[in-house]
Structure formats: C-alpha cells, structure tokens
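For reference, the structure discussed in these notes is given below.
Rule-based calculations on the coordinates, nothing more; no lab input. Just so you know, these numbers come straight off a predicted model, no measurement behind them. When we count neighbours, we look across all protein chains shown, and the Cβ atoms used for this are built from the backbone with ideal geometry, even at glycine.
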Amino acid sequence: HMTEYYQARVALVLSRMAHLFVSLDRKEDALQSYASLLQMYGEISKLTPENEEMMVEKAFVLSSMADLLEEMHKENEAITKYEESLDVLKEMQFLKEPSKYSSIIVPIQLKLGKLLVSQGRVMEGLTKLEEGIEAISLSSGQKDVQTIDKGYSSLMQTCEQLFEISGNGNPELYERLLEMHNKLSELMIT
C-alpha cells in the first residue's frame, strides 16, 4: 500500500543494504536483501508492468544474486538466477529495440555459458556463449571493445575448463570455440 515514490525509496535502501552486506562478506544477509528487493519489484511490476527501468533493475538483482550464489558454490541456484535474469531481459528486448539490451545481456550469457561448461553441461554452455557473441555482433554499429574483450576472456576460460574436464578435449568443441573467436575477430576489424 506504499506509494510508488516510497516503493522506489525502499527498493533503493534494500539495494544499498545488499551491496553493503556483499562488501562485508555477509553473503546470506545480502541474498536476503536481494530476495526482499525482488519481492518489492514484483509488487511494483503488478502496478506498472511497462516500467522498463524497474525490469532492468530486476534483471540486475537476479544477476547479482547469481554472482553471489556462484561465489558460495551454489552453482545450480546460480544457473537458475542467471536464466531468470536473461528471461526478464529477453522479454523486454522483444518488446523494444532488439539491440537495446545487448550490453546487459551479453555478460550474463557469457557468465552462464562458462558456469554451464564448468558443471559439465558443455553443449548448453557453448550455446549460451554463442548467443552472447551473436548479441555482441547485433549491438549498435559502434564497437564495444570492452564487451568484445569479455567475449575473448570467456572463450579462453572455457577452453581451460574444457581442457581440465576432458584432457585433450573434443576437437568439435574447440572448432565451435574457434568459430566464436573468428566472429569476435571480425568485429574488431574495421
């Protein structure tokens, strides 16, 4: 029954509390603050379902929760939160310009891809990496060198993970990674 102004203020306080708990290494408390914040965003979205800014914030909270869960070695829960975050962003992306949210979507897809590979879900992980790199190439005509670098970094880390999992690795998997590398290389060439 709070007004929208106070809901936004409470959401801001919850967000700051979560960040403070993370910096104090109080991960369970941070997760609780994030969960309360998600509940608040759920209530707000019932009142204003087209609130784009709130939906982006919700996606960031889900992604932050996933990062925290991954640090806590709760990989399956982290995967779920990354997927929920992507679902929110992809829903918005289809409603608006296709490339508008790619700068937010790409890092989440890359993290999710690496996490899936580390969990032995290699094909799913590579698919998420490919989707992330495809989103980089679809982003607005300007080159985002930082995002391209994140793509390269994710590919290198995935290669290391695959090597650790399977020794010499599967040549077909490395071919997929090489194709992703080539796509990123094309983006860097003027």
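Quick notes
- Debye log10 I(q)/I(0) at q = 0.23, 0.28 Å⁻¹ for segment 2-56, Cα point scatterers: -0.84, -1.05
- Directionally averaged shadow of the chain, computed from the convex hull of its alpha-carbon atoms, nm²: 11.7
- Computed [θ] at 222 nm, deg cm²/dmol, the chain (DSSP H ≥ 4; -39,500 (n - 2.57); rounded to nearest 500): -28000 deg cm²/dmol
- In a reduced charge model with +1 at each Lys and Arg Cβ and -1 at each Asp and Glu Cβ, the chain shows a dipole moment near 300 debye about its Cα centre.
- Förster-model FRET efficiency, 35 Å R0, residue 80 and residue 164, C-beta, rounded to 0.05: 0.90
- Percent RCO, i.e. relative contact order, over the chain, from Cα pairs under 8 Å lying at least 6 residues apart: 13
- Fraction of the pair-distance distribution of segment 36-76 above 11 Å, Cα-Cα pairs, percent: 64
- Net +/- balance of residues flanking residue 80 in space, Cβ distance below 12 Å, scoring K and R +1, D and E -1: -4
- Within the straight-line cut-off of under 17 Å between alpha carbons, the lysines reachable from residue 128 are 81, 90, 111, 114, 150, 183, sequence neighbours fewer than 8 places apart in one chain being disregarded.
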